[in-house]
Amino acid sequence: MELLYIILIGLVAGFLAGKIMKGSGFGILLNILLGIAGAFIGSWLLGVLGITWGGLIGELVTAVIGAVVIIWVASLFKK
């Protein structure tokens, strides 16, 4: 069940990251897939930095940060 929860957060995070990275995104479908990966990467990245947020909003912010990072890195290879 937790995996489904992470995927749902990642879906929303990918959509929001696509809006934040306007012009650098890859379309809504790929942004959503990158958002799912961003949920995992964001949790790992902020965990390494010692930053933890609780609750739904904290998890969403973490996933959005991870998705923005992934979209930014992917846009470097896109050019």
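What to note about this one:
- Near PHE26, the amide H atoms lying under 5 Å from its own belong to ASN31; only residues 5 or more places off or on other chains count, and H is placed 1.01 Å from N.
- Quarter of Cα convex hull surface for the chain, i.e. mean projection, nm²: 4.9 nm²
- Accessible area expressed per residue, the chain, with surrounding protein chains retained (probe 1.4 Å, Å²): 64 Å²
- Folded to 0 to 90 degrees: helix 55-78 orientation relative to the chain principal axis, Cα: 30 degrees
- Highest mean first, the peptides 3-12, 60-69, 39-48 sorted by other C-beta atoms within 10 Å per residue fall in the order 60-69, 39-48, 3-12.
- Cα centroid separation - region 1-41 against region 44-65, whole Å: 14 Å
- Relative contact order of the chain, defined on C-alpha pairs under 8 angstrom at six or more residues apart (%): 38 percent
The values are calculated or read from the model by the stated rules, or taken from the named source; none is laboratory data. Please read all numbers here as calculations on a predicted model, not as lab measurements. Positions of Cβ are backbone-derived with ideal geometry, glycine not excepted, and every protein chain shown enters the neighbour counts. Each accessible area value is taken on the protein alone, full model and side chains, heavy atoms only, with ligands, DNA and RNA left out. Shrake-Rupley method; radii C 1.70, N 1.55, O 1.52, S 1.80 Å.
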